[in-house]
Amino acid sequence: MSVLMNYAMFPTDKGSSVSEFVSKIVKMVSESGYDYKLTAMGTIIETETLDQALEIVKKSYAVLEGHTDRVYSTVTFDIQTNKPMGRMDGKIKSVEKKLGRTLSD
């Protein structure tokens, strides 16, 4: 099983730059041991189960709790029970193969 989760979470009452808070969440994600990619609009993480992905969301909120009165979050999932882990990179490589180049070019 593979669960890809794309999510963003940040306080809305800390001004126009919230990178201080986002970096604390990304540090927690990094320490979780799951594969992840930080993007300009959120973080993509791959887990083996939905419960593991939801636990990351809960832990992310715990990082912000007590530091803010309002939290905004978006979460999307791609859950496949018939696919192994490694889809985060595999999906990109599949598109790159069809393009005949890497997307970082």
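Taken together, the values in this text are just the output of simple stated rules run on the coordinates, not laboratory data. On a predicted model such as this, the values are computed, not experimentally measured, just so you know. Cβ coordinates were reconstructed from backbone atoms using ideal geometry, including for glycine residues, and neighbour counts include every protein chain displayed.
Of the listed values (i) 15.6, 54; (ii) 13.8, 42; (iii) 15.1, 48, grab the one calculated as Rg and Dmax of the Cα atoms in Å from the structure here. Computed from the coordinates, Rg and Dmax of the Cα atoms in Å corresponds to (iii).
Can you figure out the FRET efficiency of ALA8 with ILE92, using R₀ = 22 Å and their beta-carbon distance, to the nearest 0.05?
Working: r = 19 Å, r/R0 = 0.89.
After rounding, the FRET efficiency stands at 0.65.
Note down the net charge around ASP89, summing +1 for each Lys or Arg and -1 for each Asp or Glu among other residues with Cβ under 13 Å from its Cβ. Don't skip to the end; give the middle numbers.
On the way: positive: LYS37, LYS83, ARG87, LYS91, LYS93, LYS97; negative: ASP35, GLU46, GLU96.
Local net charge: +3.
Can you put MET41, MET88, MET9, MET1 in order, fewest other beta carbons within 10 Å first?
Numbers: MET41 8, MET88 17, MET9 21, MET1 13.
Ordered by Cβ neighbours within 10 Å, fewest first: MET41, MET1, MET88, MET9.
Lysine pairs in the chain whose alpha-carbon atoms fall under 17 angstrom of each other, counting only those eight or more residues apart or on distinct chains, come to 11. Among residues other than LYS37 whose Cβ falls under 10 Å from its Cβ, what is the net charge (Lys/Arg +1, Asp/Glu -1)? With Lys, Arg at +1 and Asp, Glu at -1, the neighbours total -3.
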